[in-house]
Amino acid sequence: MGPLGTPLARFLYEAGTLKQTKRTGWWMAGVRDPESVAEHSWRTALLATITANLEGADPARAAYLAVWHDSQETRTGDVNHLGKKYATEADPQAVTADQVAGMPEILASAVRELVAEYEAKESAEAICARDADKLECMIQGIEYKAQGYENAQRWIGNSRRRHTTKSANELADAVLATGSLDWLRSALGETRN
C-alpha cells in the first residue's frame, strides 16, 4: 500500500455518501426530493468565494472552509433544526477527528484545523463561509418556492435574517429581487414580463 493508505481511500468513499444524503429540513416544507448535502456544499463553496472576494477575505480559504463545513454529516446525517432540539448534537470537531484518523498527519491536521476554524466563527473567511451557507439555503428556498413549495418561505426568511457581512446582505437583497429564471431570460435576450 502507498503512503496515503487505506484510511484516506475509505474517507473518499465515505465523502461520496453526501451525494445521496438529503437535506432533511426541506421535507418539512413538503419538498419530496430535496437537494443533497453535496449539492448544497457545492453552491455554498461558490458563494463563499464571492462573499470573500467582496469582503476582502481570502476566497480560496473561504471556499475551502465551505467545502468541508458539512463533511461530518456522512456520520451524523443532516439533522434539521427541529431534530437538534431533541437529539444530542454531535461535535463537528470530534466527528472530523474520527473521520481523519489514520490519514497522513499533514492532511488530517489540515482538515481538523479547517473544521475548527469554521466552528470558531472568528476569521473573515469563516464568517464568509457561514454567510455563504445561509445564502445558499435562502436561494434554494427561493427555487423550491418557485416550484410550488410555498412552505419554503420560512427557510427563505430565516436564512435572510442570519447574514452578517455587508456583501451577503446586499447579495441576499439582489437575489430576492431577481427571479430564479431571470438568468435564462437574460442569456436568451428576453425581457421579463
With the requirement that a residue be more than 13 Å from the chain's Cα centre (by Cα) and farther than 24 Å from Ala101 by Cα, what does the stretch 14-29 give you? Thr24, Gly25, Trp26, Trp27, Met28, Ala29
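From the list Asp173, Asp98, pick out the single residue that is modelled with pLDDT under 95, open to solvent by 50 Å² or more (accessible area, probe 1.4 Å) and part of a helix (DSSP H, G or I).
Numbers: Asp173 fails: modelled with pLDDT under 95.
Result of the check over Asp173, Asp98: Asp98.
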What's the number of the only condition in (1) charged (D, E, K, R); (2) surrounded by fewer than 18 Cβ atoms within 10 Å (Cβ to Cβ); (3) at negative phi that Lys121 fails to meet? (3)
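Is the stretch 141-155 home to any residue that is of a type in the set (Ser, Thr, Tyr) and surrounded by 21 or more Cβ atoms within 10 Å (Cβ to Cβ)?
Pass one, the stretch 141-155, residues of a type in the set (Ser, Thr, Tyr): 144, 149.
With surrounded by 21 or more Cβ atoms within 10 Å (Cβ to Cβ) added as a condition, the list becomes 144.
Yes - at least one qualifying residue is present in the stretch 141-155.
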Count, please, the residues in the stretch 76-95 that happen to be surrounded by fewer than 14 Cβ atoms within 10 Å (Cβ to Cβ) and closer than 19 Å to Tyr118 by Cβ. 5
Condition first: touching an Asp or Glu at 6+ places or on another chain (Cβ under 7 Å), among the small types (Gly, Ala, Ser) and in contact (Cβ under 8 Å) with a residue 40 or more places away in the chain. Now tell me which residues in the stretch 40-65 satisfy that. Ala52, Ala57, Ala62
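With respect to Ala126, determine if the residue is touching a residue at least 24 places away in the same chain (Cβ under 8 Å), under 15 Å from His163 (Cα atoms), part of a helix (DSSP H, G or I) and in contact with a Phe, Trp or Tyr (Cβ under 8 Å, 6 or more places away or on another chain).
Values: touching a residue at least 24 places away in the same chain (Cβ under 8 Å): yes; under 15 Å from His163 (Cα atoms): yes; part of a helix (DSSP H, G or I): yes; in contact with a Phe, Trp or Tyr (Cβ under 8 Å, 6 or more places away or on another chain): yes.
In short, yes.
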For the stretch 19-37, which residues satisfy the criterion of being surrounded by fewer than 19 Cβ atoms within 10 Å (Cβ to Cβ) and in a helix (DSSP H, G or I)? Lys19, Trp27, Met28
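The values are calculated or read from the model by the stated rules, or taken from the named source; none is laboratory data. Every value quoted in this text rests on a predicted model; they were computed, and no experiment measured them. Cβ: placed from backbone, ideal geometry, glycine included. Neighbour counts: every protein chain shown. Ligands, DNA and RNA are stripped out before the accessible areas are found, and what is left, the full protein with its side chains, is counted by its heavy atoms. Shrake-Rupley method; radii C 1.70, N 1.55, O 1.52, S 1.80 Å.
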